[in-house]
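Notes follow once the structure below has been shown.
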Amino acid sequence: MHIRAYITLARPKHWLKNLLIFLPLLYARNLANPDLLMLTAMCFVVFCFISSGVYIVNDIIDVEKDRQHPIKNTRPIASGIVEISEAVVFALFLFVLGFSVAILGWSNYLVALFALSYILLNLAYSFFLKHYAIVDCFCIAAGFTLRIYAGSAASNDRITEWLFLTMIAVSLFMAFGKRRGEMMLVADVVMTRKVLASYDLQFLNGAVFACAGLTIVFYSLWAVTSVSAMIYTVPLVIFIICKYLLVVHNCNSFGDPTSVILGDKTLLVTIGIFGLLSTILLYY
């Protein structure tokens, strides 16, 4: 067995996206509640398992295209280190493990429902929805939103309307940014991702900037209507959005949100400061 290859296949660095699950708990000021924190942490584990399963399924479907990709051709399945049959078994194992925890962890089954919805959405995305322009980006945004609602169900904390809109806007911002990055760096867009042929660079630039602006507006409205002191985090959000835009537009990244954030120290530190300041303003 290639243990390292299986770990790479699961893409643990992308578990960073699942930290969104903790947002409802944080913003409801229940982060210090040990019981709710444990339930939310369990939900985080559930989504780590099932999201890894989704990544594996996507790699299996895209194996031939990944072999033509300048970066993705080194992935375990595309490079031949892990056989497709082995990857199928591993993905099923992760799905069953994650879904079992979701069913056993909460009596109301809401977390299990969101987990199942996430799996079905991403399977539909992997098999056919990712081939339709704009629909593909909204599927990505829905995946991020389902994470937040799963966290809300785990801790029984409500998602406000402005927070929901903020999540949709920032998710679309990152999704369109990813498509733009792929279009700029991949020579043969049809061979690596068919949907890119349906996009236009000018449209993607406009969509990215529009969603960036909406993210700032929606977050600002959430800040002033939830905890007034949170308005002081808005300048940091503007800086993070602008820095993210700069990184994506430098054409040094495929636009993947995890890679963009982890690959830029300034962006990573600023997000850390934003998280620390938010916690202080909410709890003290």
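Computed from label points 7 Å out along Cα-Cβ, the spacing between residue 238 and residue 79 is 4.4 nm.
Just so you know, the averaged projected area of the alpha carbon convex hull for the chain sits at 14.3 nm². Using a Gaussian network model of the chain in which every pair of alpha carbons under 10 angstrom is joined by a spring, one finds that among 261, 81, 238 the greatest mean-square fluctuation is at 81. Among the trypsin sites (Lys or Arg not before Pro) in the stretch 124-160, those placed in a DSSP loop whose Cβ has at most 16 other Cβ atoms within 10 Å are 158. Legend: ranking of residues 240, 50, 60 from fewest to most surrounding C-beta atoms inside 10 Å; resulting order 60, 240, 50.
Give me the net charge for the shell around residue 16: Cβ to Cβ below 13 angstrom, other residues only, Lys and Arg +1, Asp and Glu -1.
My count for the surroundings of residue 16 gives +3.
Centre-to-centre, using Cα atoms only, the stretch 16-54 and the stretch 132-157 are separated by 14 Å. Sequence-ordered 3J(HN,Hα) estimates for the stretch 151-159 from the Karplus curve with 6.51, -1.76 and 1.60 and θ = phi - 60° stand at x, 5, 5, 5, 9, 6, 10, 6, 8 Hz, glycine and proline given as x.
Applying both filters, DSSP loop and at most 16 other Cβ atoms within 10 Å, to the chymotrypsin sites (Phe, Trp or Tyr not before Pro) of the stretch 52-112 gives 109. Computed over neighbours whose Cβ is under 13 Å from that of residue 250, the net charge equals +1, Lys and Arg +1, Asp and Glu -1. Count Lys and Arg as plus one, Asp and Glu as minus one, and take only other residues whose Cβ is under 15 Å from that of residue 227; the net charge is then +1. The slack between residue 92 and residue 110, meaning 0.36 nm per residue of separation minus the straight C-alpha distance, is 4.3 nm. Bridging of residue 72 to lysines at a Cα separation below 25 Å is possible for 13, 17, 130, 178, 194, 265, once same-chain residues fewer than 8 apart are set aside.
Kindly put 246, 214, 172 in sequence by how many other C-beta atoms sit within 10 Å of each C-beta, fewest to most. Could you put the intermediate results ahead of the total?
Details: 246 12, 214 17, 172 23.
By the 10 Å Cβ count, ascending, the order reads 246, 214, 172.
Calculated translational diffusion coefficient of the stretch 1-159 (25 °C, 0.890 mPa s; Stokes-Einstein with Kirkwood radius over alpha-carbon pairs) equals 151 µm²/s.
Here 242, 139, 43, 211 are placed in order of increasing Cβ neighbour count within 10 Å, fewest first, which gives 242, 139, 211, 43.
Laboratory data are not the source of any read-out in this text; all were calculated from the coordinates shown. This structure is a prediction, so every number in the text was calculated from the model and none was measured. Don't worry about glycine lacking a Cβ; one is built from the backbone with ideal geometry, like all the others, and counts go over all protein chains shown.
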